[in-house]
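J.: Supplied in structure tokens, the structure appears directly below.
The values are calculated or read from the model by the stated rules, or taken from the named source; none is laboratory data. These numbers were taken from a predicted model, which means no experiment stands behind them. All Cβ positions, glycine included, derive from the backbone under ideal geometry; neighbour counts span all protein chains shown.
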Amino acid sequence: MKTRIAALVMVALLTIYLIFVINYSTILIRADEPIVNVMGWALLVLPIIGFWALAAELFFIVRAERLLTTLTEEGALPDEVVELLPSGRPDPAAADRAFDRYRTEAEAEPNSWRTWLRLGLAYDAAGDRGRARWATRRAIALSRGKTPR
């Protein structure tokens, strides 16, 4: 729950920041100097990109949580516990052994969102956030009936 509250606070702060940037860019756009107008239009692009990225992340989170809820209700969550090193990070050798099962499942059923989400959860547990997001995005696409890239 603390993580969710912290994320909502960050979303609110980012939204406020982007609104201030939009306000400042409109002030620049209304100025009489042409170079200042150009700077205002250039500054307006940044909040648009920021809002797009924020919306994309929020949609990703909502869709991933829906799939995770379904997987939890089905009792199909990964059950392996990866050994940790003294630093608190997962042991790479133990993580590779745990991945074998989920990698094999995903290869055997490439059109099943459940296998890709379990693989994403296994990657996330091992700290490989990039592959975890990739596998989760693939699971979301499959659950929506789309062919993943």
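J.: Might you check whether a residue that is in a helix (DSSP H, G or I), among the aliphatic types (A, V, I, L, M) and touching a residue at least 24 places away in the same chain (Cβ under 8 Å) occurs anywhere in segment 128-139?
T.: Yes, segment 128-139 contains at least one residue that is in a helix (DSSP H, G or I), among the aliphatic types (A, V, I, L, M) and touching a residue at least 24 places away in the same chain (Cβ under 8 Å).
J.: OK, next. Would you check if there is a residue in segment 95-107 being modelled with pLDDT of 80 or more, surrounded by 13 or more Cβ atoms within 10 Å (Cβ to Cβ) and basic (K, R)?
T.: yes
J.: Here is a check on your reading of the model: is E57 assigned by TED's automatic domain parsing to the domain that holds A139, on the phi < 0 side of the Ramachandran plot and modelled with pLDDT of 85 or more?
T.: Taking the combined requirement at face value, the residue does not satisfy it.
J.: Here's another thing I want to ask about it. Tell me, which residue of segment 121-134 that is small (G, A, S) and in contact with an Asp or Glu (Cβ under 9 Å, 6 or more places away or on another chain) is surrounded by the fewest Cβ atoms within 10 Å (Cβ to Cβ)?
T.: So, considering only residues that are small (G, A, S) and in contact with an Asp or Glu (Cβ under 9 Å, 6 or more places away or on another chain), the one surrounded by the fewest Cβ atoms within 10 Å (Cβ to Cβ) is A125.
J.: Turning to a different aspect of this structure: Out of curiosity, is T72 of a type in the set (V, I, T), buried (at least 16 other Cβ atoms within 10 Å of the Cβ) and free of Cβ contacts under 8 Å to residues at least 60 places away in the same chain?
T.: No.
J.: For residues in segment 19-63 being over 29 Å from A6 (Cβ atoms) and small (G, A, S), which is farthest from the chain's Cα centre (by Cα)?
T.: Once the filter is applied, the top-ranked residue is A31.
J.: With the structure loaded, tell me whether P90 is farther than 30 Å from R144 by Cα and in contact (Cβ under 8 Å) with a residue 24 or more places away in the chain or whether it fails that test.
T.: The answer is yes for P90.
J.: For L58, state whether it is of a type outside the set (S, T, N, Q) and within 30 Å of T15 (Cα to Cα). Even if it seems obvious, please write down each step before you answer.
T.: Values: of a type outside the set (S, T, N, Q): yes; within 30 Å of T15 (Cα to Cα): yes.
Criteria met by L58.
J.: Among the listed residues F99, F60, identify the single one that is under 17 Å from R133 (Cα atoms) and in contact with a Ser or Thr (Cβ under 9 Å, 6 or more places away or on another chain).
T.: None of the other options fit; the residue is F60.
J.: Turning to a different aspect of this structure: Can you tell me which residues in segment 80-96 are farther than 17 Å from A132 by Cβ and acidic (D, E)?
T.: Answer for segment 80-96, where residues must be farther than 17 Å from A132 by Cβ and acidic (D, E): E83, D91.
J.: Name the one entry in F20, F51 that is under 29 Å from S143 (Cα atoms) and of a type in the set (F, W, Y).
T.: It is F51.
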